[in-house]
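Engineer: Just passing along the structure, written as structure tokens.
The values are calculated or read from the model by the stated rules, or taken from the named source; none is laboratory data. Since we're looking at a predicted model, the values are computed, not measured. Reconstructed Cβ throughout: ideal geometry from the backbone, glycine too, with neighbour counts over all protein chains shown.
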Ligand code: SF4
């Protein structure tokens, strides 16, 4: 119910409470109200929930997160080659 | 960047799972608060990737699941009226009330409609002045800006045949009730990322300090969730407890100021009853007095309808992380998504439904190895 889906703003019209955008979700386009993200311009990504953009996706923060993940991946690689073993699937508890 | 696939990369998923395993020296129980997170965790099999030292329990974060029976009964009473068009998000239609549900009202000729957005209900009201259009305003903080906007627009445009049945709930007071009850063994929380896009995470800071629990603002993709788990476990191992934002691409500390302003204009904080949990003080929204004329409970005079929960359903315990769905004796036998006894089996984000859906797939996979392989690679899919 709190699902919000990222999409790219490809068109904007109206202003204030009536500011609406066309948002592309990997090929599927929908209208979304942009009243809560006045800073958004065409080309930005937004998180859309029940027809409303509730947040602009911060590309810089996204890039930093992905860089951190990449680093974690490399660290884990090093650890694995040092320690052998560890496939990460330690919990075969099928009853859960 | 499309902000989806990047967070599902199987190599990174394995790497972060391994880091969690190395970081967790002791046993920790974490609760993911939001039902959407529960859904992702089971869908991508993240619980099975975690080491045995890290246990995830599922929280109260499914607005459909916690909407009290009495409100479902009020929705049914309003939707059954011949002069009403009743609009709702799809997941509410099959939630069982005392006697019946909205889907059965629809099947027996009631005008019950599924809408994607509250603005669709408002449009219907504009186009059909002869109908009384009622929108079932269910949700957490995430949905409140949308529902508030519909009311605000109705007032601005003078749409007098539009009203809302409000069932809005708030996350921090529910967490306060949970942590304050003292007998829930949770050492850390993954806070709901999309709730925090709207209201930020200031309100979680006093909770983290008072109950000495790490609270990590977490997103919904596999890597978001695993990073949230890693951050919480790392804090616990260091003996720390603070609010940490692991979803910075979408969340800032103060949330979305425009959305908060609209919420504060349209709603006031009120006591709310949570299905299976009971009354929690100041845990939801009601319409502000100046918008009282849009309150469906008053317009249709259904506020007096009361109801008590069926005893066989243990969803209250499930919603508080005290019982795993599979531990409920009714799970998968008397209670299935086709014949749900409780809302946690109806909503796609309810923990019981998630376990039924993905748990059953896993059992089948265990019996058929070729499916099992498909399952372990499922982090790349969808
Ligand atoms: S399995 Fe069904 S009866 Fe048991 S707690 Fe879940 S919804 Fe209620």
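Engineer: Would a scan of region B:174-187 turn up a residue that is away from chain A (no Cβ under 12 Å), surrounded by fewer than 24 Cβ atoms within 10 Å (Cβ to Cβ), closer than 30 Å to residue B:14 by Cβ and modelled with pLDDT of 95 or more? Break it down into steps so the answer makes sense when it comes.
Structural biologist: Just the residues of region B:174-187 that are away from chain A (no Cβ under 12 Å), to begin with: B:174-187.
Those left that are additionally surrounded by fewer than 24 Cβ atoms within 10 Å (Cβ to Cβ): B:176-177, B:179-187.
Restricting the remaining residues to those that are closer than 30 Å to residue B:14 by Cβ gives B:185-187.
Those left that are additionally modelled with pLDDT of 95 or more: B:187.
The answer is yes; a qualifying residue exists.
Engineer: Here's a check for you: in region B:324-333, which residue that is more than 7 Å from the ligand (Cβ to nearest atom) and in contact with a helix residue (DSSP H, G or I) (Cβ under 8 Å, 6 or more places away or on another chain) is farthest from the other protein chains (Cβ to nearest Cβ)? Walk me through how you get there before you give the answer.
Structural biologist: Residues of region B:324-333 that are more than 7 Å from the ligand (Cβ to nearest atom), as a first pass: B:324, B:326-327, B:329, B:332-333.
Now narrow it down to the ones that are in contact with a helix residue (DSSP H, G or I) (Cβ under 8 Å, 6 or more places away or on another chain): B:324, B:326, B:332.
On the way: B:324: 7, B:326: 7, B:332: 12 Å.
If we take residues in region B:324-333 being more than 7 Å from the ligand (Cβ to nearest atom) and in contact with a helix residue (DSSP H, G or I) (Cβ under 8 Å, 6 or more places away or on another chain), then B:332 is farthest from the other protein chains (Cβ to nearest Cβ).
Engineer: Pick from region B:96-118 the residues that are touching a helix residue (DSSP H, G or I) at 6+ places or on another chain (Cβ under 6 Å) and within 14 Å of another protein chain (Cβ to nearest Cβ): which of them is surrounded by the fewest Cβ atoms within 10 Å (Cβ to Cβ)?
Structural biologist: Result: B:114.
Engineer: Here's another thing I want to ask about it. Quick test of your reading of the structure: residue B:308 fulfils all but one of (1) more than 8 Å from the ligand (Cβ to nearest atom); (2) within 16 Å of the chain's Cα centre (by Cα); (3) under 16 Å from residue B:68 (Cα atoms). Name the failing condition by number.
Structural biologist: All conditions are met except number (2).
Engineer: Determine whether region B:257-268 contains at least one residue that is more than 12 Å from every other protein chain (Cβ to nearest Cβ), surrounded by fewer than 21 Cβ atoms within 10 Å (Cβ to Cβ) and touching a residue at least 12 places away in the same chain (Cβ under 8 Å).
Structural biologist: Scanning region B:257-268, I find at least one residue that is more than 12 Å from every other protein chain (Cβ to nearest Cβ), surrounded by fewer than 21 Cβ atoms within 10 Å (Cβ to Cβ) and touching a residue at least 12 places away in the same chain (Cβ under 8 Å), so the answer is yes.
Engineer: Please state which of the following conditions residue B:268 fails to meet, knowing it meets all the rest: (1) within 19 Å of the chain's Cα centre (by Cα); (2) in a strand (DSSP E or B).
Structural biologist: Unmet condition: (1).
Residues checked against (1) part of a helix (DSSP H, G or I); (2) closer than 27 Å to residue B:42 by Cα; (3) in contact with a helix residue (DSSP H, G or I) (Cβ under 7 Å, 6 or more places away or on another chain):
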site	(1), (2), (3)
B:178	yes, yes, no
B:195	yes, yes, yes
B:198	yes, yes, yes
B:205	yes, no, no
B:237	yes, yes, yes
B:240	no, no, no
B:253	no, no, yes
B:259	yes, no, yes
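Engineer: Being surrounded by 24 or more Cβ atoms within 10 Å (Cβ to Cβ) and out of contact with any helix residue (DSSP H, G or I) (no Cβ under 7 Å at 6 or more places or on another chain) is the filter here, so list the residues in region B:69-89 that pass it.
Structural biologist: B:71, B:72
Engineer: Taking region B:188-216 as the region of interest, how many residues are within 14 Å of another protein chain (Cβ to nearest Cβ) and more than 15 Å from the chain's Cα centre (by Cα)?
Structural biologist: Adding up the residues that qualify gives 4.
Engineer: Give just the number: which of (1) closer than 30 Å to residue B:28 by Cα; (2) surrounded by fewer than 24 Cβ atoms within 10 Å (Cβ to Cβ); (3) outside the structural domain of residue B:228 (by TED's automatic domain parsing) does residue B:142 not satisfy?
Structural biologist: Condition not satisfied by residue B:142: (2).
Engineer: Now for a different question. Out of all the residues in region B:8-30, is one or more assigned by TED's automatic domain parsing to the domain that holds residue B:213, in contact with a helix residue (DSSP H, G or I) (Cβ under 9 Å, 6 or more places away or on another chain) and closer than 30 Å to residue B:279 by Cα?
Structural biologist: yes
Engineer: Follow-up question, since we're still on this one. Of all residues being in a loop (DSSP other than H, G, I, E, B) and either free of Cβ contacts under 8 Å to residues at least 40 places away in the same chain or within 10 Å of the ligand (Cβ to nearest atom) (or both) in region B:311-323, which is nearest to the other protein chains (Cβ to nearest Cβ)? Just the residue, please.
Structural biologist: Going through region B:311-323, the residues in a loop (DSSP other than H, G, I, E, B) turn out to be B:311-314, B:320-323.
With the extra rule that they be either free of Cβ contacts under 8 Å to residues at least 40 places away in the same chain or within 10 Å of the ligand (Cβ to nearest atom) (or both), the set shrinks to B:311-314, B:323.
Details: B:311: 26, B:312: 22, B:313: 19, B:314: 17, B:323: 13 Å.
Checked region B:311-323; the qualifying residue nearest to the other protein chains (Cβ to nearest Cβ) is B:323.
Engineer: Might you let me know whether region B:217-231 holds any residue that is free of Cβ contacts under 8 Å to residues at least 24 places away in the same chain and outside the structural domain of residue B:73 (by TED's automatic domain parsing)?
Structural biologist: As a first pass, look at region B:217-231 and keep what is free of Cβ contacts under 8 Å to residues at least 24 places away in the same chain: B:231.
Adding the requirement that they be outside the structural domain of residue B:73 (by TED's automatic domain parsing) leaves B:231.
Yes, the conditions are met somewhere in region B:217-231.
Engineer: Taking region B:122-141 on its own, how many of its residues are outside any strand (DSSP E or B) and under 30 Å from residue B:254 (Cα atoms)?
Structural biologist: So the count comes out to 3.
Engineer: Further question: Output the residues belonging to region B:31-58 that are over 14 Å from the mean Cα position of the chain (by Cα), part of a strand (DSSP E or B) and crowded, with 22+ Cβ neighbours inside 10 Å.
Structural biologist: Matches in region B:31-58: B:54, B:56.
Engineer: Just need a number here: residues in region A:8-34 that are within 9 Å of chain B (Cβ to nearest Cβ) and surrounded by 22 or more Cβ atoms within 10 Å (Cβ to Cβ).
Structural biologist: The qualifying residues number 2.
Engineer: Which residue is nearest to residue B:278 (Cα to Cα), if the candidates are limited to region B:334-348 and must be surrounded by fewer than 24 Cβ atoms within 10 Å (Cβ to Cβ) and more than 9 Å from the ligand (Cβ to nearest atom)?
Structural biologist: Once the filter is applied, the top-ranked residue is B:348.
Engineer: Out of the residues in region A:35-60 that are at pLDDT below 95 and outside any loop (DSSP other than H, G, I, E, B), state the one that is surrounded by the most Cβ atoms within 10 Å (Cβ to Cβ).
Structural biologist: Looking at the filtered set, the residue picked out is A:59.
Engineer: Restricting to region B:6-30, and then to whatever is under 21 Å from residue B:322 (Cβ atoms) and touching a strand residue (DSSP E or B) at 6+ places or on another chain (Cβ under 6 Å), can you tell me which residue is surrounded by the most Cβ atoms within 10 Å (Cβ to Cβ)? Give the steps one after another, and end with the answer.
Structural biologist: Within region B:6-30, the subset under 21 Å from residue B:322 (Cβ atoms) is B:27-30.
Cutting the leftovers down to touching a strand residue (DSSP E or B) at 6+ places or on another chain (Cβ under 6 Å) gives us B:28-30.
Working: B:28: 22, B:29: 16, B:30: 25.
Restricting to residues being under 21 Å from residue B:322 (Cβ atoms) and touching a strand residue (DSSP E or B) at 6+ places or on another chain (Cβ under 6 Å), the top hit is B:30.
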